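A short write-up of the structure that comes next.
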Amino acid sequence: MTGSQVSPSFRLAYVPGVTLSKWVRIWRERLPGVPLSLVAVSAAQAGDVLEGAGADAGLVRLPVDRSRLSAIPLYTETTVAVVPRDHLVAAVDEVTVADLVDEVVLHPLDDVLVWEQLPGQAARERPATTEDAVELVAAGVGVLLVPQSLARLYHRKDLTYRPVTDAPVGEVALAWPQEATTDLVEDFIGIVRGRTANSTRGRRPPAAQQDPAGKTACKTDGKAAGKTAGKAAGKNSRAATGAGKNAKSTKGKGTGNAKSARGAGAGKRGKPRRRA
């Protein structure tokens, strides 16, 4: 870990379409004293924002420059073809790249898929953004291949989408500058990897924020000690009571024996002796 100072807040960049609500919720539950600021960036800008210290970490799409950024892959997405609802592709459950060979496939400048060879027929111009490309699909200019989350993000009632089984997939990762692996970055890494708050591989939250295990242990030990002491005291009390009973019983027996002896002696003395 190259940094240990806690910053007043944690800035998380994110690109369109990524899923982050669960991790944000866990952060706010686990570290309520550290505000989490969300920084929306385009997929093309994400690397520059992180390298320029515009955010502490980011949920980005791979690939990124691994010589400057550390990255942990989180999940992959299905690639889909976005088409008008009355398109032939809409009549099937899934398609392949070969099925689109005669289609005009739009290739926006911010395309997040890595193609060895672009599918279908190239459009005359490349749309500036994926959102612009979706508008062109609605106008009947062509079809668009994107990660499913982007198809959902820019969904329109007059469009639909179908999985493309052999297309490159989109991959989402957590990335941050290699020279800025702070304690807060480590905390967020632990969250996205599913570590618990008390994991030995992650930092423990301040004592005031975590479940007081020590306090519980003290309570448990105190109860156990009190219970043991109570049992011992009760046992000793019963023993003392029993001893008293024995002593009383013995005393009573002794008194009875003495009375019997005196009675026997008195009987002998009271019998008259005959004179010769």
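Ignoring ligands, DNA and RNA, what percent of the 1.4 Å accessible area of the stretch 71-120 is carbon and sulfur?
Values: 1400 of 2820 Å².
The value for the stretch 71-120 is 50 percent carbon and sulfur by accessible area.
Considering only protein heavy atoms, what per residue accessible area in square angstrom results for the stretch 68-163 with a 1.4 angstrom probe?
Values: 5430 Å² over 96 residues.
Per-residue value: 57 Å².
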Open item on the list: Using a 1.4 angstrom probe on the protein heavy atoms only, could you order Glu125, Glu131, Glu186 from most to least accessible area?
Closed with: Glu125, Glu131, Glu186
Open item on the list: If you split all Cα-Cα distances of the stretch 30-109 into 5 Å bins from zero, what percentages do you get per bin, shortest first?
Closed with: 3, 10, 16, 15, 12, 13, 11, 9, 7, 3, 1, 0
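Mind listing which trypsin sites (Lys or Arg not before Pro) in the stretch 1-79 are in a DSSP loop and have 15 or fewer other Cβ atoms within 10 Å? Mind dumping the intermediate values first?
Working: sites: Arg11, Lys22, Arg25, Arg28, Arg30, Arg61, Arg66, Arg68; in loops: Arg66, Arg68.
Qualifying residues, ordered by number: Arg66, Arg68.
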- [ ] Quick one: check the C-alpha center-to-center distance for the stretch 118-195 versus the stretch 40-82, whole angstrom.
- [x] 11 Å
- [ ] May I ask you to rank His87, His155 by accessible area, largest first, using a 1.4 Å probe over the protein chains only?
- [x] His155, His87
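The values are calculated or read from the model by the stated rules, or taken from the named source; none is laboratory data. Computed from a prediction, not measured in an experiment: that's the story for all the values here. Virtual Cβ from ideal backbone geometry, glycine too; neighbours counted across all protein chains shown. When the accessible area is computed, the model is the full protein with side chains, heavy atoms only, and any ligands, DNA or RNA have been set aside. Shrake-Rupley method; radii C 1.70, N 1.55, O 1.52, S 1.80 Å.
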